[in-house]
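Colleague: Please read through the structure below; I'll follow up with questions.
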Number of protein chains: 2
Amino acid sequence: MKTSAPTKSVSSQTQGRNNDQVREHNLAAILTLLSQNKSLTRSALATLSGMNRSTISVLMTELQALGLVSEISPDETLQKGRPSFVASLSSEVAVFGVNIESKFTDVCLVTLSGEIIASQRISTPKLPAPQQIIESIAQTIEVLLATQSKPLRIGGIGVAVPGQIRLADGLVRLAPHLRWVEAPFGSMLEEATGMPVFVGNNATLGATAEHAFGAAKGYSDIVYLYSGTSGIGGGVIVGGELLRGAAGYAGELGHVVISDSPSEDYSGFHGTLESLIRQEDMFACLGLAADDERGLETALAQPLGIEAQAILESQSRLLAAAISSFANIFNPQLILLGGYLGAIYAADQTRLAQFAFERILSAPGENLHIRRAELGPNQIIKGAAGLAISALIRAPKSSSAIL
Amino acid sequence: MKTSAPTKSVSSQTQGRNNDQVREHNLAAILTLLSQNKSLTRSALATLSGMNRSTISVLMTELQALGLVSEISPDETLQKGRPSFVASLSSEVAVFGVNIESKFTDVCLVTLSGEIIASQRISTPKLPAPQQIIESIAQTIEVLLATQSKPLRIGGIGVAVPGQIRLADGLVRLAPHLRWVEAPFGSMLEEATGMPVFVGNNATLGATAEHAFGAAKGYSDIVYLYSGTSGIGGGVIVGGELLRGAAGYAGELGHVVISDSPSEDYSGFHGTLESLIRQEDMFACLGLAADDERGLETALAQPLGIEAQAILESQSRLLAAAISSFANIFNPQLILLGGYLGAIYAADQTRLAQFAFERILSAPGENLHIRRAELGPNQIIKGAAGLAISALIRAPKSSSAIL
DNA sequence: TTGAATTTGTTCTAGTCAAGAACAAAATAG
DNA sequence: CTATTTTGTTCTTGACTAGAACAAATTCAA
């Protein structure tokens, strides 16, 4: 255990606020509403935000001047009275989303609404070194930008890395599957591209993606659990915000102890969720390649053999134990299951829910829903892009898009 | 599982903000600084809050008019230059803290700084019914107010209940040790006393108490674990705010699954932390009464018998498993152990830390500290009072103290 | 003891912000 | 074509914070 004095953090609770921050907050409120709703009339924005018509007018003028919002006259009017302008996030601003895995790296160009408008995959047959993959990413970004028909302004780059990331500066502390240790990835990519870079853990970004664009849209408290080839991770949304913890390492939900079993996870810890639910067991039992997700879906949709049934039931019980714990800890509205855990849910929904609710207290259990994540393969990259998008949305005046 | 649509919550992220809220926020910032620091000069307030001297001047005038702050001229001046006024929270405003247990209920008068200035215990040989204990509390409040030498203005009543509490309205959903079910305690006490009432879970309030007044003062991310005669509970502070969850039931940290064991906790769940660390085992082994905390301290300070050693080691291992999980989930700066768990820590600190850090990832573990809670027996009641205090501090204009 | 330097409180002004009123614009309904 | 309804725009008002200028209260040095 450490002996030095713990680091205290001063909250913004004690910081003074002035008119500038009011304006910034109100601009962000409009942008947040637009990102949640695709397009809204001015009068709807006024109603939803609680602000006056005249204030909305001023704010919209400013957002249009910043190039973040575009307005059109409505095609059809269903009400009587003067028709209200329809506003939506500008399609001329975009961000890059990057997802780094051991065998490939995806780079996508994503609009502020979360739509992928261009995409390219960098294959890495050997494990990529940070400097090497950064050069490839920078090149790919150039290519993607050059092949766009209309000029785009870029808000930044969001990157998903399978490891422990210090959010403050995008330092990759440890990424076991990439064999990266203490790689200052964020600052390196920032230097290589000149764009603001935001780095996060891949499973955590799955959670923010589902929250921003997927099954958890509009919810304030969710727990997201994900299993992929690199183990089990997750992310938690608390009061609408990602649970970050002291330095951004929170959300390692695969490394919770749920059993006395001596079996070890990829970090060498025994009895954890990740040590016990090993998706490769099921893939092997069904005779599938380790990353054949489609094959898994079709195989699980059909009647299972005895061995596969046993694995499924065992894993349902284990997953249920973790779900129970997280329900009691977080009192979420929604627990989302992604990757292989979503497949377990789809195949064994009733039993999984039954096992889970056996050990959830009545009060936190009463409005709790368990669902499968819905974003699929682009989930993580959308979450990564979301990092850059939300940075832009939260500080529209200070961080105006470059290019 | 439920079939109705999950409840979504709209965050204040999308709500417009105006000048009124700026003032309210800045007043709250000053009060928060004063509650963290007991007394501060005006110039220190300006530095810490980042606001201008002139703004501080206006704010202090308003806070004095509200009767929430008092200022004195400093006794000694160490600097050259005009001496700055020394401000502190007014001692003429107080709140009531109430802690309800099965055998007794404590009612305390607590200043805004968290000092207990008067206290009275209501004994309840039989389990108290809600209506009955409310009458006793109302009477005790009258008595405590009448016996004060100087007149006090009262900001509200904070109540700690050992059960699942809906924070929004203080509804006690279930309090097994009191045998209360769906008791609208908050609104009942509000009606009986005419004061604003805030109700919370007792273990959760232990966390907020340590955060506001105790070992976790100034930290932003902490996990608090507590064991008492009614089982194991806890509370989590995330980014300086209590983790509430969708309806306020978050923080049931005793009901996390850590083992395959069939032993059951007080809610009938098997394999949970509460089911496995039973403090009565140790009390019985040492020949102590179930609530003899002092006896436990002295007994644990001396060499233990073989059986007690075995219990201690077993419980250390189990507690360590939970600590590991919470460190990986929350990445806190501090994990605090209260009640019997604090005693385990004191008796077996080295081994406990060793067991715990075996299964904590390197990054979340590196600035993590494990400590014993320091507030002792008045912890919960201070947390309860803290509910009313923070309500007053956060909305100083709207909720001005009554009486 | 006196005056310079320093720090802080107070007052006044300037600039920004949101709300609301008044008015203009653009649709529907008859 | 006119009345009604709804929305956008403009102008005024009130509230807020920041900053400048000045006054007040201390220390330090001569």
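The values are calculated or read from the model by the stated rules, or taken from the named source; none is laboratory data. None of the values given here were measured: they were computed from a predicted structure. Positions of Cβ are generated from backbone atoms using ideal geometry, with glycine treated the same way; all protein chains shown enter the neighbour counts. Only protein heavy atoms, including side chains, enter the accessible area calculation; ligands, DNA and RNA are left aside. Shrake-Rupley method; radii C 1.70, N 1.55, O 1.52, S 1.80 Å.
Colleague: Dipole of the range A:19-89, Cα-centred, from +1 at each Lys and Arg C-beta and -1 at each Asp and Glu C-beta, to the nearest 20 debye?
Modeller: The dipole of the range A:19-89 has a size of about 240 debye.
Colleague: In debye, nearest 20, what is the charge dipole magnitude of the protein assembly as shown about its Cα centre with +1 on Lys and Arg Cβ and -1 on Asp and Glu Cβ, if you could check?
Modeller: 2200
Colleague: From the cross-link list B:Lys38/B:Lys80; B:Lys38/B:Lys217; A:Lys103/A:Lys217; B:Lys103/B:Lys382, which pairs have alpha carbons spaced over 21 Å apart?
Modeller: B:Lys38/B:Lys80; A:Lys103/A:Lys217
Colleague: Also: Can you pull the mean other chain C-beta count within 10 Å for peptide A:25-31?
Modeller: 3
Colleague: Among bridges DSSP assigns within the protein assembly as shown, what percent are antiparallel (round to 5)?
Modeller: 65
Colleague: Residues of the range A:291-338 losing 20 Å² or more of accessible area relative to the isolated chain, 1.4 Å probe, heavy atoms only?
Modeller: Checking the loss per residue gives A:Ser325, A:Asn328, A:Ile329, A:Phe330, A:Asn331, A:Gln333.
Colleague: Please find, in a Gaussian network model of chain A (springs between Cα atoms separated by less than 10 Å), the residue of A:Thr61, A:Thr204, A:Thr105 whose mean-square fluctuation is greatest.
Modeller: Of A:Thr61, A:Thr204, A:Thr105, the Gaussian network model singles out A:Thr61 as fluctuating most.
Colleague: Rounded to the nearest 5, what % of DSSP beta bridges with both residues in the range B:216-374 are antiparallel?
Modeller: 50
Colleague: What order do A:Asp169, A:Asp221 take when sorted by accessible area (1.4 Å probe), most exposed first?
Modeller: Largest accessible area first, the list is A:Asp169, A:Asp221.
Colleague: Given 10 °C and 1.306 mPa s, how large is the Stokes-Einstein diffusion coefficient of chain A in µm²/s, with Rh as the Kirkwood radius over Cα pairs?
Modeller: Using the Kirkwood radius from Cα pairs, D works out to 70 µm²/s.
Colleague: Using a 1.4 angstrom probe on the protein heavy atoms only, could you order A:Ile72, A:Ile381, B:Ile116 from most to least accessible area?
Modeller: So, going from the largest accessible area down, we get A:Ile72, B:Ile116, A:Ile381.
Colleague: Between B:Asn52 and B:Gln309, what is the label-to-label distance in nm when each label sits 7 Å out along the Cα-to-Cβ direction?
Modeller: Result: 7.0 nm between the two label points.
Colleague: What's the local net charge at A:Gly376, with K and R +1, D and E -1, over the other residues with C-beta under 12 Å away?
Modeller: Here the charged neighbours net out to -1.
Colleague: For the range A:19-89, report the convex hull volume of the alpha-carbon atoms normalised per residue, in Å³, without decimals.
Modeller: For the range A:19-89, the hull spanned by Cα atoms encloses 88 Å³ per residue.
Colleague: Once the whole set of protein chains is in place, how much accessible area is left on A:Lys38, using a 1.4 Å probe, in Å² to the nearest 10?
Modeller: Result for A:Lys38: roughly 130 Å² accessible.
Colleague: For chain B, modelled as a GNM with alpha-carbon contacts under 10 angstrom, which of B:Ala343, B:Ala373, B:Ala363 fluctuates the most?
Modeller: B:Ala363
Colleague: Which helices, counted as full DSSP H runs in chain A, have an axial Cα extent of no less than 15 Å and a Kyte-Doolittle average of -0.5 or above?
Modeller: Span-like helices here: A:19-37, A:53-65, A:130-146, A:202-213, A:306-330, A:340-357, A:379-394.
Colleague: Using a 1.4 angstrom probe on the protein heavy atoms only, line up A:Asp291, B:Asp75, B:Asp292 by accessible area, largest first.
Modeller: Reading off the accessible areas and sorting them downward yields B:Asp75, A:Asp291, B:Asp292.
Colleague: Give me the inter-chain shielding for B:47-54: mean count of other chain Cβ atoms within 10 Å, whole number please.
Modeller: Average per residue, whole number: 2.
Colleague: A further question on this structure: In debye to the nearest 20, how big a dipole does the range B:216-374 give about its Cα centre with +1 on each Lys and Arg Cβ and -1 on each Asp and Glu Cβ?
Modeller: Rounded to the nearest 20 debye, it is 420 debye.
Colleague: Enumerate the calculated ³J(HN,Hα) couplings along the range B:167-175 in order (Karplus 6.51 cos²θ - 1.76 cosθ + 1.60, θ = phi - 60°), each rounded to whole Hz, writing x wherever the residue is Gly or Pro.
Modeller: So the J values, rounded to whole Hz, are 5, 3, 10, x, 7, 7, 5, 7, 10.
Colleague: Hey, another quick one. Taking each residue in A:212-221, count the Cβ atoms of any other chain within 10 Å of its Cβ, then average. What number comes out?
Modeller: The mean count of partner-chain Cβ atoms within 10 Å per residue comes to 3.
Colleague: Not counting ligands, DNA or RNA, and with a 1.4 Å probe, what is A:Glu307's accessible surface area in Å² rounded to the nearest 10?
Modeller: Answer for A:Glu307: close to 120 Å² accessible.
Colleague: Have a look at B:Gln79, B:Gln139, B:Gln309 and tell me which one the Gaussian network model of chain B (Cα, springs below 10 Å) gives the largest fluctuation.
Modeller: Sorting by GNM fluctuation, first place goes to B:Gln79.
Colleague: Something else now. In deg cm²/dmol and to the nearest 500, what is the mean residue ellipticity at 222 nm of chain B if only DSSP H runs of at least 4 residues count, each as -39500 (n - 2.57), divided by the residue total?
Modeller: -12500 deg cm²/dmol
Colleague: Let me ask something else about it. How high is the relative contact order of the range A:19-89, given as a whole-number percent (alpha carbon pairs under 8 Å, six or more residues apart)?
Modeller: It comes to 37 percent, rounded to a whole number.
Colleague: In addition: Answer with one residue from A:Val98, A:Ala28, A:Leu63: the one whose Cα lies farthest towards the positive end of the charge dipole of the range A:8-142, charges on Cβ with Lys, Arg +1 and Asp, Glu -1.
Modeller: Result: A:Ala28.
Colleague: Can you give me the long-range amide H partners of A:Gly163? Hydrogens built in the peptide plane at 1.01 Å from N, cutoff under 5 Å, separation of 5 or more residues or another chain.
Modeller: Residues meeting the amide H criterion: A:Asn202.
Colleague: Between the range B:264-300 and the range A:344-403, what is the C-alpha centre distance in whole Å?
Modeller: For the range B:264-300 versus the range A:344-403, the Cα centre distance is 38 Å.
Colleague: Quick one: with label points 7 Å out along Cα→Cβ, list the inter-copy distances for A:Ala289 in nm, shortest first?
Modeller: Copy-to-copy label distances for A:Ala289: 7.1 nm.
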